[in-house]
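Structure record follows, encoded as structure tokens.
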Ligand SMILES: Nc1ncnc2c1ncn2[C@@H]1O[C@H](COP(=O)(O)OP(=O)(O)OP(=O)(O)O)[C@@H](O)[C@H]1O
Ligand SMILES: [Mg+2]
């Protein structure tokens, strides 16, 4: 695990000047099995197959129009947004073939650091509040292969930061350096920030926890975000559907 939550000085200047992703701090992680982070060595698992299908759909959608910044949200807390954001970033990076930046943009309750067991470090909050260069804070996450901008620690109110003009500016500048920018957002209810994050993104993926998220709250979230902004719904934890899909996929020889 890389050390330090401090913004150090001299090596940082060269990172910022070069914009060379190879020079960024590397964070080695080994998420515990209960975290539900895909094991890349188990390539044929149900979850991994589902994530690959989602990746394929996103690449297909990109052919139809500009699509780089993707927000992952859900109507209510604990639907699995952060877990899916980590897995999607991993699969999109495809063993570092593509540069994927995951932005921990839930400043109220950041979840990615907890899932990956990374301590809090300066990140999005410092970039928006103090004008810190994001390249000072971004870390490469190994062995998952994506880059992470953590939430950081806001001194002011998180909602004011997320609703500031600095947010879309920062995201569009990051989109110049990365192939995909994935936003792990707060839930639509009860947090106002999510609307700003959805508006600053090219598309939204709405996570629905199978058998848990009430249908009405899903419909309300779709109405709030606007159905034209939603690229798709992700049904999280649909074990029965996954089981039948798995039988089908193993018949065709994708089971490992
Ligand atoms: N498909 C699943 N089956 C079982 N547990 C799951 C599943 N997906 C996520 N979880 C678990 O549910 C909890 C919440 O997941 P996660 O933190 O990803 O949700 P979240 O929507 O980001 O929450 P928050 O709204 O607090 O940000 C975690 O303990 C996670 O491991
Ligand atoms: Mg979360």
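The values are calculated or read from the model by the stated rules, or taken from the named source; none is laboratory data. Source: prediction; values computed, not measured. Glycine also receives a Cβ, built like all others from the backbone with ideal geometry; neighbour counts cover every protein chain displayed.
Scanning segment 180-201 for residues that are crowded, with 23+ Cβ neighbours inside 10 Å, more than 13 Å from ligand 2 (Cβ to nearest atom) and not in a loop (DSSP other than H, G, I, E, B) returns 180, 181. Of all residues in segment 96-110, those that are farther than 14 Å from residue 159 by Cβ have Cβ atoms under 6 Å from Cβ atoms of residues that are assigned to a loop (DSSP other than H, G, I, E, B) and within 12 Å of ligand 2 (Cβ to nearest atom), 6 or more apart or on another chain, in 104/110; 104/151; 110/151.
Just for segment 27-51: of the residues that are surrounded by 14 or more Cβ atoms within 10 Å (Cβ to Cβ) and not in a loop (DSSP other than H, G, I, E, B), which one is modelled with the lowest pLDDT? The qualifying residue modelled with the lowest pLDDT is 46.
Matching residues to (1) surrounded by fewer than 22 Cβ atoms within 10 Å (Cβ to Cβ); (2) modelled with pLDDT of 95 or more; (3) assigned to a loop (DSSP other than H, G, I, E, B):
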residue: 82; (1), (2), (3): no, yes, no
residue: 89; (1), (2), (3): no, yes, no
residue: 96; (1), (2), (3): yes, no, yes
residue: 107; (1), (2), (3): no, yes, yes
residue: 110; (1), (2), (3): no, yes, yes
residue: 122; (1), (2), (3): yes, yes, yes
residue: 126; (1), (2), (3): no, yes, no
residue: 148; (1), (2), (3): no, yes, no
residue: 154; (1), (2), (3): yes, yes, yes
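Checked across segment 69-77, the condition of being modelled with pLDDT of 95 or more, within 20 Å of residue 163 (Cα to Cα), away from ligand 2 (no atom under 16 Å from the Cβ) and under 15 Å from the mean Cα position of the chain (by Cα) holds for at least one residue.
A count restricted to segment 157-195 and to residues that are free of Cβ contacts under 8 Å to residues at least 60 places away in the same chain and more than 21 Å from residue 133 (Cα to Cα) stands at 3.
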